[in-house]
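For reference, the structure is listed below as structure tokens.
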Amino acid sequence: MSFHTKLTVTILLLIALSFGLGGMLLIYTSFDAVRGKESQAALRSFEDTRTMIWLMYRYSSGEGEESLREIMRGLDDEGYGDWMAVSVYDGDEVLYTEGPAAALAVKAEPPDGNICTLYPVNDEMGHGLVLTGNTVVEQREICLSARYDLSDAYEVYRVNSRLYLLIYAVIISVGIAVSLVLSSALTKRLRYLTSTARRISGGDLSIRSCLKKGDEFGRLSADLDRMADNLQQKINELEDRIKSQEAFTGAFAHELKTPMTSIIGFADILRQGDVDESTRTMAADYIYSESRRLERLSFKLLDLRMIKKDEPVMKKTAITPFLKDACRMLAPVLKKRNVELHVHSGGGSVLMEPDLMRSLIYNLIDNASKAIDGKGRVDVEGHVSESGAVFTVRDNGRGMEAAELSHITEAFYRTDKNRSRSQGGVGLGLALCKRIAELHGGSISFESAPGEGTTVTVEIKTGAGAGGRVSTGETAVEKSGGPAGTAADAAMEEKL
Amino acid sequence: MIRILAVDDEKPILELLRLSLGRSGYQCDTAQDGAEALRMIEQNEYDLLLLDVMLPGIDGFTLMEYIGSSGVPVIFITAKDAIADRVRGLHLGAEDYIVKPFNILELQARVEGVLRRHGKLDSVIRINGLEINTLSMQVLRGGEELQLTRKEYELLLLFARNPGIVLSKDVIYERIWGGEYPDATRTVELHIQRMKKKAGWEDSLKSVYGMGYRLSRES
């Protein structure tokens, strides 16, 4: 059963019950009051008559039927309602009687003593009240019995009841309409929320219910919207991931197929024969260089895959020798490129995977030196931080536009394709660096402006545990640096 | 002379296109990006464009939309062989597409096909004493028509269009019969023998040991 129906039925039941019980109670109470009043009047009139009978037998000389009739007439003259029948007995002897004898058939035994009893009766002559009372006078027990007719009161009650039934029917019909409208109004927001939820579950994630806050529906709406927000965010993340994966696959296919096309094509030309010397040389050169390109690509790709697979084994590594080592490998290349390399180390040691981090620093320095036209310098810096270590690689080369910065860690993205290729780049270096930084719980960030060089900052977060050991590392540097002083002073600079 | 503009951001590919199309007798200019391509299209008149989809700056599709109205036929060269990309290229009005890595012969054939459809090629090829009319599919030697089967005609045409180039048996099989070259078959040899005799090419069409066959142009 739907909530709407439940609500309708509940409201209807409430209306039916309250109006039914209330109306019935009201009618009955008013009837009861009327009946009570009539009974009281009848009793008073009866008592007066009894007193008259007592007086008559006590003082009046004129005994007999005639006097009784006089008195009985007085009963009627009082004007209280209708007396249907009246009888006066002396023992079994009937002194006076009027009206149908059947009306008094239910007459009970006269009570003992000078009291009066009331019997409500309901027979074919209608509703009535039989009053019986004894009057003891001069050793005689005179019994007066009379029936008072209450039919009118009952008739009014019956008519009122029927009238109320009619009114009740009208109330119920109005009640049905009211409860339908009311429950519809109450469940309107619920229906709206339901349809919203259905549309969201149907895939339209941009839909929000946005009900005003305040009541339960508002809170439900807010919760629903929050759920949709989260869902949309998750879906977007997934879609982004798929998109970047697709982009990677597409770019990879391009990177793979382009050199392959050249190799196959030039090889084909050589194979067909009939080529002059210069064409042969050119074809062979291209086959060689494009094969080398494929080779580099496959190695870099292998690196990338390997990082993605294995959990790195972190080792406590001293920063100074680590940086020296990383730079030593590149020194000859940089010398050839006419680039100065300066290393600054804050000393200390940090938890990291030294091979991966060396590859990262190597890549960054390589990139930095490639960004330099002619003479220039690259500064490499490393120091421990609260949560790990921070490395920066700064060059005074060409720099990049802000728009390019967001793309450079994408696989196969190159700021300058032709230059990059001639320098042996395959476009995976920074994607690799980013991955390595992430493996160390850290991040890589870039700061650059065209013509002003680029600063790459790598922050690794391998835990504060390394920070504890850092201080010992610093003292070690201080010791080696002599009594001269602080860690900053002890920071070594090596020119390669 | 037929002029073709090849647009690709890869220098090796451009050199390859220039070389192989040059050997087919076309003049091939090259451009390394969209902007350069546009400049060259405005300055010169080309009979055909070879367009790489992934170009720096203006990409191939955008370039295609720009030059679509000029009526120059376009063949796409793409490393993506996703159906959606191919369909998009064809929808934009490209005549054909070639997926990297491509075979030189395939490239030459597709270029020729597009040029032929646009009526930019002579329908008559004269080589080694034969006159081949590619429209009426007739081969004349000294005004006399040769009686060739369909396969023989196609074989003859393949060599006539690629003089001086070694055609391996599997390439020939692929082009004439279609599909993979079955190892244990002498179909190609037999057909070449018969065609050679009919065409009178016994001296110019030679087998190159271990490689295939080559038709040398007679002076």
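Quick look at the numbers
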| item | result |
| --- | --- |
| The stretch B:1-130 - share of DSSP beta bridges that are antiparallel (%, nearest 5) | 5 percent |
| Estimated [θ] at 222 nm from DSSP helical runs (n ≥ 4, -39500 (n - 2.57)) normalised by residues in chain A, nearest 500 | -20500 deg cm²/dmol |
| Tally of Lys pairs whose C-alpha atoms are under 30 Å apart, taken over the stretch A:220-323, 8 or more apart or cross-chain | 15 |
| By accessible area with a 1.4 Å probe, ligands and nucleic acids excluded, highest first: order of A:D276, A:D366 | A:D276, A:D366 |
| Shape category assigned to the stretch A:195-343 from the gyration tensor of Cα positions, a/c cut at 1.5 | oblate |
| 3J(HN,Hα) from dihedral phi, the stretch A:384-390, Karplus parametrisation 6.51/-1.76/1.60, rounded to Hz, x for glycine, proline | 6, 10, 4, 10, x, 8, 10 |
| The stretch A:324-459, Cα convex hull volume normalised per residue, Å³ | 102 Å³ |
| Ordering of A:441-451, A:231-241 by burial proxy (mean other Cβ atoms within 10 Å per residue, highest first) | A:441-451, A:231-241 |
| Directionally averaged shadow of the stretch A:3-158, computed from the convex hull of its alpha-carbon atoms, nm² | 11.5 nm² |
| Proximal charge balance of B:M1 [Cβ under 13 Å; K/R count +1, D/E count -1] | -2 |
| Burial ranking of peptide ranges A:346-352, B:195-201, A:249-255 (average Cβ count within 10 Å, highest at the top) | A:346-352, B:195-201, A:249-255 |
| Shape of the stretch A:179-221, Cα gyration tensor, a/c cut at 1.5 | oblate |
| Theoretical gain in end-to-end length, A:D229 to A:A169 [0.36 nm per residue, Cα-Cα removed] | 16.5 nm |
| Local electrostatic count at B:E154 - Lys and Arg +1, Asp and Glu -1, tallied over other residues with Cβ under 11 Å | +3 |
| Antiparallel bridges, percent of DSSP beta bridges restricted to the protein assembly as shown (to nearest 5) | 75 percent |
| Cα gyration tensor, the stretch A:260-391 - rounded (a/c under 1.5), prolate or oblate | oblate |
| Listed residues B:M137, B:M1, A:M125 arranged by accessible area, highest first, probe 1.4 Å | B:M1, B:M137, A:M125 |
| Mean Cβ neighbour count within 10 Å, used as a protection proxy, ranking A:89-98, B:146-155 highest first | B:146-155, A:89-98 |
| Extension reserve of the A:N160-A:E93 stretch, reckoned as 0.36 nm per residue once the Cα distance is removed | 19.7 nm |
| Buried accessible area, chains B and A (both chains, 1.4 Å probe, Å² to nearest 100) | 2300 Å² |
| Virtual spin-label span in nm between A:S151 and A:M306, 7 Å along Cα→Cβ | 11.9 nm |
| Average beta-carbon neighbours from other chains, 10 Å sphere, peptide B:48-56 | 1 |
| Helix A:465-481 axis, angle to chain A major axis (alpha carbon atoms, nearest 10°) | 30 degrees |
| Within-11-Å neighbourhood charge of A:A437 [Cβ basis; K, R +1; D, E -1] | +1 |
| Per residue accessible area of the stretch A:3-158, 1.4 Å probe, in Å² | 57 Å² |
| Per residue accessible area of chain B, 1.4 Å probe, in Å² | 48 Å² |
| Sites A:E386 and A:A197 - FRET efficiency at Förster radius 45 Å, r taken between beta-carbons, to 0.05 | 0.50 |
| Surface share of carbon and sulfur [accessible, 1.4 angstrom probe, percent] for chain A | 57 percent |
| Average beta carbon contacts from partner chains per residue of A:250-259, 10 Å cutoff | 5 |
| Principal axis dimensions, largest first and in whole angstrom, of the stretch A:230-309 by Cα | 66, 23, 15 |
| With Cα atoms, 0 to 90° folded angle of helix A:277-309 axis to chain A main axis | 40 degrees |
| Using alpha carbons only: equivalent-ellipsoid semi-axes of the stretch B:124-215, gyration tensor based, whole Å | 22, 14, 12 |
| 10 Å Cβ neighbours from other chains, averaged over peptide B:162-173 | 2 |
| Interface residues in the stretch B:8-23 - accessible area drops by 20 Å² or more relative to the isolated chain, probe 1.4 Å | B:D9, B:E10, B:P12, B:I13, B:E15, B:L16, B:L19, B:R23 |
| Amide H contacts under 5 Å for B:Q138, placed H, 5+ residues apart | B:N133 |
| Hydrodynamic radius of the protein assembly as shown per Kirkwood, over alpha carbon pairs, in Å | 37.7 Å |
| DSSP bridge pairs, the stretch A:250-399: antiparallel proportion in percent, nearest 5 | 60 percent |
| 0 to 90° range, to nearest 10: angle between helix A:319-336 axis and chain A longest Cα axis | 50 degrees |
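The values are calculated or read from the model by the stated rules, or taken from the named source; none is laboratory data. Predicted model only: the values in this text are computed from it and were never measured. Backbone-built Cβ (ideal geometry, glycine too); neighbour counts: all protein chains shown. Just so you know, the surface numbers come from the protein's heavy atoms only, side chains and all, with ligands and any DNA or RNA stripped out. Shrake-Rupley method; radii C 1.70, N 1.55, O 1.52, S 1.80 Å.
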